[in-house]
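Any read-out appearing in this document is the output of simple, stated calculations on the displayed coordinates, not a laboratory observation. Keep in mind the model is a prediction, meaning the values are calculated, not measured. Note that each Cβ is placed from the backbone with ideal geometry, even for glycine, and that neighbours are counted across all protein chains shown.
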Amino acid sequence: MEAIIALLTIGITMLIPAAIDALAALFGAQDIEIDDPGFDRAFVIKGDEPPRVATLLRPDLRLYLMHARQQQFDIQLSDLGVMVQTRGAVTNPVWIESTLSMMAHGAALITAAREQVPIASSLAPHYEVWSSFARAHGLQGMTTPFAMWGDLDGSKVTVSALRTGECCPMAVEGRSKVGRWGTMRGREGHRPTS
């Protein structure tokens, strides 16, 4: 069984061309420098854990994003993945096919890069417990997002943990083949609620 987990959960936003970064700074955008001068000039990048964002944006992904921008694609990268936006209806099948091909390539690059991104610092204390549980039950897992999946007691399940802020640093949601089976939010020392 393979899980399709699209979310990145690193708090990344790369939506704004550097030409308007003065405006973005006015509204609180904080630029993360990747130490790639061309890339840093082309994009304003925000993220809540800059080292994780920098790890994701490895050279092959940066090259892909730069190429897409040079090809006049309005390409965006966020926790939801890589997206291309266009104005109006698109009816050109050649454009649609080439864009879908380009997006599939971007998704593959993100999937490969996410394997190198360390777990969120607020979730790191839970890593050993999750890993032990996954190993004991034959589940597969990843750290970005922090998730595990597989067959558990006869159901195909996917469980992921998300950072939800200072008051509740972890939310766990589980899904099986019949739908969502539960949500738990809490912090250490406090009883989780559903």
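Database remark: amide H of F146 closer than 5 angstrom to the amide H of A161 (H placed geometrically; neighbours at sequence offset of 5 or more, or on other chains; Pro and chain starts carry no H). Here V129 and D79 are evaluated by their C-beta separation; at R0 = 30 Å the FRET efficiency comes out at 0.80. For the pair Q72 and A104 in one chain, pulling the backbone fully straight at 0.36 nm per residue adds 9.8 nm over the alpha carbon distance. Remark: the R87-D151 segment gains 18.8 nm on full extension, using 0.36 nm per residue and subtracting the alpha carbon distance.
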